[in-house]
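The values are calculated or read from the model by the stated rules, or taken from the named source; none is laboratory data. Keep in mind the model is a prediction, meaning the values are calculated, not measured. In this analysis, Cβ positions are derived from the backbone assuming ideal geometry, glycine residues included, and neighbour counts consider all displayed protein chains.
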Amino acid sequence: MGAWLVMEALRQLRLQGRNDVIAGLRVGLASPDIDVDVFRAQSAVVGRLSPPLTVLVSPNDRALAVSSRIAGGNPRLGSARVDDPEIQKIPLLNGMQIIDIASLPASDGFNHDRFVTLAARYSTAEQGSRVGEVRQAGVFLLDATGRILSAPFSGTAQIISGRR
């Protein structure tokens, strides 16, 4: 539930006009256990961040599937599908990145810790590739090595496997 707390803190800072605090932040939400509708409302107030807020999702995250059932079937942001048109609208409206990490390996049967793999691969990949160039809003799909394969919104992402 830490992602909800981060988003709520950002929302409160915006409502209080504390843009000076928000301006220096780099915010990433890994497998966030937030109701999608609650996140939409929070992000509408938070607005665009620079660099863009990043959300890591995995549709087959079993921990979030359980959370969704407990919450009366309300979908969790962290288990969103990047091919869902309603999910694709979120980064367009609020200038953020949603990255599908479902192809990365998980260390447990819940598939809830894939962000750890991404973090390890990102630091290695950033040293010798153009991974740092993907800083704009959009929806991104990763391959099993952590490279960006596609972005459903044309022009929003560059392929970082060595060519554009």
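Tabulated values for the structure
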| read-out | value |
| --- | --- |
| Single residue of the stretch 15-37 satisfying the filter (surrounded by 16 or more Cβ atoms within 10 Å (Cβ to Cβ) and more than 13 Å from the chain's Cα centre (by Cα)) that is nearest to Pro105 (Cα to Cα) | Asp35 |
| Search result, residues across the stretch 65-89 that are assigned to a loop (DSSP other than H, G, I, E, B), surrounded by fewer than 16 Cβ atoms within 10 Å (Cβ to Cβ) and of a type in the set (A, V, I, L, M) | Ala71 |
| Residues of the stretch 43-52 satisfying the condition of being at pLDDT 90 or above and not β-branched (Val, Ile, Thr) | Ser43, Ala44, Gly47, Arg48, Leu49 |
| Residue satisfying all of: in the stretch 38-69; under 14 Å from the mean Cα position of the chain (by Cα) and of a type in the set (Gly, Ala, Ser); farthest from Val21 (Cα to Cα) among these | Ser58 |
| Lone unmet requirement of (1) in contact (Cβ under 8 Å) with a residue 12 or more places away in the chain; (2) out of contact with any Lys or Arg (no Cβ under 9 Å at 6 or more places or on another chain); (3) closer than 16 Å to Asn111 by Cβ; (4) not hydroxyl-bearing (Ser, Thr, Tyr) for Arg69 | (1) |
| Residues of the stretch 18-64 that turn out to be aliphatic (A, V, I, L, M), part of a loop (DSSP other than H, G, I, E, B) and in contact with a strand residue (DSSP E or B) (Cβ under 8 Å, 6 or more places away or on another chain), as a count | 3 |
